[in-house]
Amino acid sequence: MPELKNRTALVTGGSRGIGKAIALALANAGAGVAVNYRERAEEAASVLEAIHRIGGRAVAIAADVSIAGSVQHMFSTIETQLGPIDILINNAGIAPVRGLDDITEEDFDRTLAVNLKSAFLCTQAVLAGMRARHWGRIINISSIGARIGSGSISIAYAAAKAGLEGLTRGYALRLASEGVTVNAVAPGLIDTEMGKPLIEAGVAARIPVGRVGTGDDIAQVVMLLVSGDYITGQTVAVNGGALFS
Ligand code: NDP
């Protein structure tokens, strides 16, 4: 477990699912944590409670991370309440179920905005500070769907996650000499609200290790990437053997 007592982290979509597990892991390592969410304030409040119970520092902040103005407002609030961000986890995402014949242009734009543009907006907002302090960790939560396609989930989701991995490599190259690492983690099927439709459809039976993943499986890898300074530009697959990459 890295020692993060003097660090501040933001987890987008940190109120439930994978983001919640990451927020709790960061808080357990001593980081101050900003827990972003879009609308479910009660779930964010319960993450805050859990962090406060272990004596951690945390704030919850509602913002739609696909909208530049909301992101700007979110960062100025976090900086006032917790300080500048050292660790950015771009985790917020949506995975609408759409067939080839019913996906609309609006669906496509929304899916790219929430899963991909949000990472660009949040990264741009933290860059100046990380470069000035010569220390930063940015981790983008991708998906196995970037490589194997997204099944019943909209094709826009696979496109957005593949784009997120490209964005990861682009930033990693430009920032490698400045103390800032940028990596992606690509989960397979994880037991969260988002994963539920696929779990119900029986996809779990095809996972070689014999179980669905948990948020903690992803958080473990995030903590590894936060702790080192020599892994950058990588996408780490965490999928129970569902895809060897
Ligand atoms: P959940 O649906 O369980 O949680 C999504 C989180 O994102 C919630 O906190 C939600 O906030 C937040 N969120 C959604 N839209 C926005 C937005 N526009 N602005 C800010 N916050 C937003 O998802 P998971 O935990 O399962 O997924 C987390 C990440 O992992 C996603 O990027 C997903 O694509 C990826 N992933 C998940 C897999 C899985 O099987 N579960 C597999 C592969 C990748 P609120 O509660 O307020 O709505």
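The values are calculated or read from the model by the stated rules, or taken from the named source; none is laboratory data. This is a predicted model, so every value here is computed, not measured. Neighbour counts run over all protein chains shown; Cβ positions are idealised from the backbone, glycine included. Just so you know, the surface numbers come from the protein's heavy atoms only, side chains and all, with ligands and any DNA or RNA stripped out. Shrake-Rupley method; radii C 1.70, N 1.55, O 1.52, S 1.80 Å.
I want the local charge near S46. Using Cβ-Cβ distances under 13 Å, sum +1 for each Lys or Arg and -1 for each Asp or Glu among the other residues.
Taking every Cβ under 13 Å from that of S46, the sum is +1.
Nothing charged except the Cβ atoms of Lys and Arg (+1) and of Asp and Glu (-1): what's the magnitude of the dipole of the chain about its Cα centre? Round to the nearest 20 debye.
600
Roughly what would the spin-label model give for L100 and D216, points 7 Å off Cα along C-beta, in nm?
4.1
Using only the alpha-carbon atoms, how far is helix 118-133 inclined from the longest principal axis of the chain? Give it as 0 to 90 degrees, nearest 10.
30
List the trypsin sites (Lys or Arg not before Pro) in the range 1-105 that DSSP assigns to loop (not H, G, I, E or B) and whose Cβ has at most 14 other Cβ atoms within 10 Å. Which are they?
K5, R40
Quick one: order L48, L225 from most to least accessible surface, probe 1.4 Å.
The ranking, largest first, comes out as L48, L225.
Once you place label points 7 Å from the Cα toward the Cβ at R131 and L224, how far apart are they in nm?
Going from the R131 label point to the L224 one covers 3.0 nm.
Would you work out which of G30, A44, Q72 lies farthest towards the positive end of the dipole of the range 11-85, given +1 charges on the beta-carbon of Lys and Arg and -1 on that of Asp and Glu, about the Cα centre?
G30
Determine the gain in length on full extension of the stretch M1-S46; use 0.36 nm per residue of separation and subtract their C-alpha separation, reporting nm with one decimal.
13.9 nm
In whole percent, how big is the carbon plus sulfur part of the accessible area of the chain, probe 1.4 Å, protein atoms only?
53
Probe 1.4 Å, all protein chains in place: accessible area of D102 in Å², nearest 10?
Probe radius 1.4 Å; accessible area of D102 about 90 Å².
Would you mind classifying the chain by shape? Square roots of the alpha carbon gyration tensor eigenvalues, ordered a ≥ b ≥ c; an a/c under 1.5 is rounded, otherwise it is prolate if a/b is larger than b/c and oblate if not.
rounded
Using the heavy atoms of the protein chains and a 1.4 angstrom probe, tell me the accessible area per residue for the range 8-236 in square angstrom.
Per-residue value: 45 Å².
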